[in-house]
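Dropping the structure in here first, questions after.
The values are calculated or read from the model by the stated rules, or taken from the named source; none is laboratory data. This structure is a prediction, so every number in the text was calculated from the model and none was measured. Cβ placement follows ideal geometry from the backbone for every residue including glycine, while neighbour counts extend to all protein chains displayed. To get the accessible areas, we keep the full protein, side chains included, count just its heavy atoms, and leave off ligands, DNA and RNA. Shrake-Rupley method; radii C 1.70, N 1.55, O 1.52, S 1.80 Å.
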Amino acid sequence: MEDSVLKLKDFNAFFGENKVLKNINLDIEERKVWTILGPSGCGKTTLIRCINRMHEMTPGAHTSGQIFLKEKDIFGINPVLLRRKIGMVFQRPNPFPTMSIAHNVLAGYSLNGIKLSKNERNEIVETSLKDAALWDEVKDKLSQKGTFLSGGQQQRLCIARTLAMKPEVLLLDEATSALDPVSTAKIEELIFQLKNQYTILMVTHNMQQAARVSDKTAFLFLGELIEYNDTKEIFTNPRHKKTQDYITGRFG
Amino acid sequence: MADPQIKWRKIKNDLFKGLVVFLSLLATLPLLLILFYILRQGFSSINWSFLTNLPKPVGESGGGISNAIVGTLIIVGTAAVMAIPLGVLAGIYLNEQRNSKVARYCDLAIDVLQGIPSIVIGIIIYEWVVRTMGGFSAFSGSAALALMMLPFIAKTTQETLKLVPNHLKEASLALGVPYYKTVLKVIVPAGLSGILSGAILGIARVIGETAPLLFTAFGNPFMSTELSKPMSSLPLVIFNYATSPYEDWHQLAWGASLILILIVLTLNMITKFIESRWKIQF
């Protein structure tokens, strides 16, 4: 496919001797929402942590095979630069506790020592928070600490912080699993809007969520990619028995 | 409540609670007694001239300990300048590279260094610094105290940084922040209050050390601010005056003890203040 943003080719990931991802081949198109679905321990999180090269930060972790970001092998790109192009939001909200809301949004710039004018800063804070659907709730308290926000607001702050770097791909690692239903709904709505601008790859345990928000779904089982297809197809007409067993709740 | 069994349980509860409170108060009793006794003994000798005058020869009344106060500040200050940067860096290293063999070896070495008796550190510094420099000096005293502070500061830094959650580090790395900037701008600031209070507690711990100063800074009856010369300090003054046969010198020793304890108390209060004020909720 010519419009694929991310392409995994014969990709394997290991923790020491333990092979956690086996021969993954995947093409991810631009401006689509992809869900990685699968039971606990199947390697979902490892898969997306490989894409921004966070996996290799773990002692003993290594990979083989290739991942391409727009035709370029990511293992040839400096991980520091790669992570500015591939943003990641984690399972637990993790705003920087020493920084205000505005500084949290700008953290990717300030921590990297990138100088911005006051106008640029204000502009980035406002657009990022608007994109993360948080602006209206925090616009009067931008100088307060980010950790005073509620869990759902903190998570949207983390999304704003990631969007501020204008990434090409957005990785969401169970970004709503620690949140209440109202916050979850807000973030799902957000994903809907963000897919006009970004390619999104999300991991979730929540099948309803996968069905609601994603265009494509990949089913992972014990480190193997069982199948991937349009989300509708996967949920209504899975080709493999394992996929069917999982989505009908027979295991997982 | 009418049930006698529940009533009995309540009595047991109250008894236990009372016992715990009583024992906690009992544990603070020695401190209160020490403070009270030193306050009573030392208070009478403290006045403005005690703080600003130099010691007088035996037989002459009056005299102060200004040289010892200045000396303590210089010796401990120099020790802090040497030990704090090194200790904090060592603590960062121990926390960041906790899986490496070298770090585990350093960790052990720091534990052992912390256990070396202060008198032994005094002798070592005497051999290494005093003899090579050709005489007693304030600097050698600072070196001895720095050696005592170093493991304490490294350990408190390590313990503080251990509490900084890993997800902050990941958040920073995932934003494309290089590793060293992540450590310096995210991890260390998140533990700054703990590192600072550890450094101040380190100072409070060594400020009263006498043994390592006996054969290093040595003491000096005159005002000296030169690091290369012998220098007086509060613990040395207390040691010399208290072991002398003269009653009025004993008084001066009590006064100096009170000053020393007040300094230690102040440092401890500053630590508490920093911890409560700058404490970061994760």
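Evaluate the stretch B:225-236: report whether one residue or more is within 14 Å of chain A (Cβ to nearest Cβ) and more than 25 Å from B:S45 (Cα to Cα).
So far as the stretch B:225-236 goes, no, none of its residues is within 14 Å of chain A (Cβ to nearest Cβ) and more than 25 Å from B:S45 (Cα to Cα).
Does at least one position in the stretch A:175-182 carry a residue that is touching a Phe, Trp or Tyr at 6+ places or on another chain (Cβ under 8 Å), modelled with pLDDT of 90 or more and either within 27 Å of A:I74 (Cα to Cα) or open to solvent by less than 40 Å² (accessible area, probe 1.4 Å) (or both)?
no
Out of the stretch B:190-229, which residues are among the aliphatic types (A, V, I, L, M) and more than 30 Å from B:P165 (Cα to Cα)?
Those that are among the aliphatic types (A, V, I, L, M) and more than 30 Å from B:P165 (Cα to Cα): B:V206, B:I207, B:A211, B:L213, B:L214, B:A217, B:M223, B:L227.
So B:A171 passes all but one of these: (1) of a type in the set (G, A, S); (2) within 22 Å of B:L214 (Cα to Cα); (3) open to solvent by less than 60 Å² (accessible area, probe 1.4 Å). Which condition number does it fail?
(2)
From the list B:A68, B:A83, which residue is out of contact with any Ser or Thr (no Cβ under 7 Å at 6 or more places or on another chain) and modelled with pLDDT of 90 or more?
Checking each option against the conditions leaves just B:A83.
Out of (1) within 12 Å of A:M165 (Cα to Cα); (2) facing chain B (nearest Cβ under 9 Å); (3) hydroxyl-bearing (S, T, Y), the odd one out for A:S128 is which?
The single condition A:S128 does not satisfy is (2).
With the requirement that a residue be without any contact (Cβ under 8 Å) to a residue 40 or more places away in the chain, open to solvent by 20 Å² or more (accessible area, probe 1.4 Å), at negative phi and not hydrophobic (A, V, I, L, M, F, W, C), what does the stretch A:104-131 give you?
Within the stretch A:104-131, A:S110, A:K115, A:S117, A:K118, A:N119, A:E120, A:R121, A:N122, A:E123, A:E126, A:T127, A:K130 meet the criteria.
Return the pairs, sorted by first residue and then second, in which the second residue is open to solvent by 70 Å² or more (accessible area, probe 1.4 Å) and assigned to a helix (DSSP H, G or I), the first residue lies in the stretch B:265-281 and is touching a residue at least 40 places away in the same chain (Cβ under 8 Å) and within 14 Å of chain A (Cβ to nearest Cβ), the beta carbons are less than 7 Å apart, and the residues are 6+ apart or on different chains.
Short answer, once both residue conditions are applied: B:W278/B:L192.
For the stretch A:37-57: of the residues being more than 14 Å from every other protein chain (Cβ to nearest Cβ) and not polar (S, T, N, Q), which is surrounded by the most Cβ atoms within 10 Å (Cβ to Cβ)?
A:L37
Per-residue answers, yes or no, for (1) within 14 Å of chain B (Cβ to nearest Cβ); (2) under 20 Å from A:Q197 (Cα atoms); (3) modelled with pLDDT of 90 or more:
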{"position": "A:P59", "(1), (2), (3)": "yes, no, no"}
{"position": "A:H62", "(1), (2), (3)": "no, no, yes"}
{"position": "A:F75", "(1), (2), (3)": "no, no, yes"}
{"position": "A:K85", "(1), (2), (3)": "yes, yes, yes"}
{"position": "A:M88", "(1), (2), (3)": "yes, yes, yes"}
{"position": "A:S100", "(1), (2), (3)": "yes, no, yes"}
{"position": "A:A107", "(1), (2), (3)": "yes, no, yes"}
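List, please: which pairs have Cβ atoms under 7 Å, are six or more places apart or on different chains, and start with a residue in the stretch B:21-32 that is touching a residue at least 12 places away in the same chain (Cβ under 8 Å) and end with one that is open to solvent by 90 Å² or more (accessible area, probe 1.4 Å) and assigned to a helix (DSSP H, G or I)?
Here the result reads none, with nothing in the stretch B:21-32 linked to a residue that is open to solvent by 90 Å² or more (accessible area, probe 1.4 Å) and assigned to a helix (DSSP H, G or I).
Residues of the stretch B:91-110 being touching a Leu at 6+ places or on another chain (Cβ under 8 Å), away from chain A (no Cβ under 13 Å) and of a type in the set (A, V, I, L, M, F, W, C), which ones?
B:I92, B:C106, B:I110, listed by residue number.
Here's a follow-up. Within the stretch A:163-183, can one find any residue that is without any contact (Cβ under 8 Å) to a residue 24 or more places away in the chain and over 23 Å from A:N122 (Cβ atoms)?
Yes.
When residues of the stretch A:75-103 are filtered for being buried (at least 19 other Cβ atoms within 10 Å of the Cβ), assigned to a helix (DSSP H, G or I) and of a type in the set (V, I, T), how many remain?
1
Ok, one more. Does A:E137 fit the bill of being over 13 Å from A:K166 (Cβ atoms) and either touching an Asp or Glu at 6+ places or on another chain (Cβ under 8 Å) or away from every other protein chain (no Cβ under 13 Å) (or both)?
For A:E137, the condition - over 13 Å from A:K166 (Cβ atoms) and either touching an Asp or Glu at 6+ places or on another chain (Cβ under 8 Å) or away from every other protein chain (no Cβ under 13 Å) (or both) - is met.
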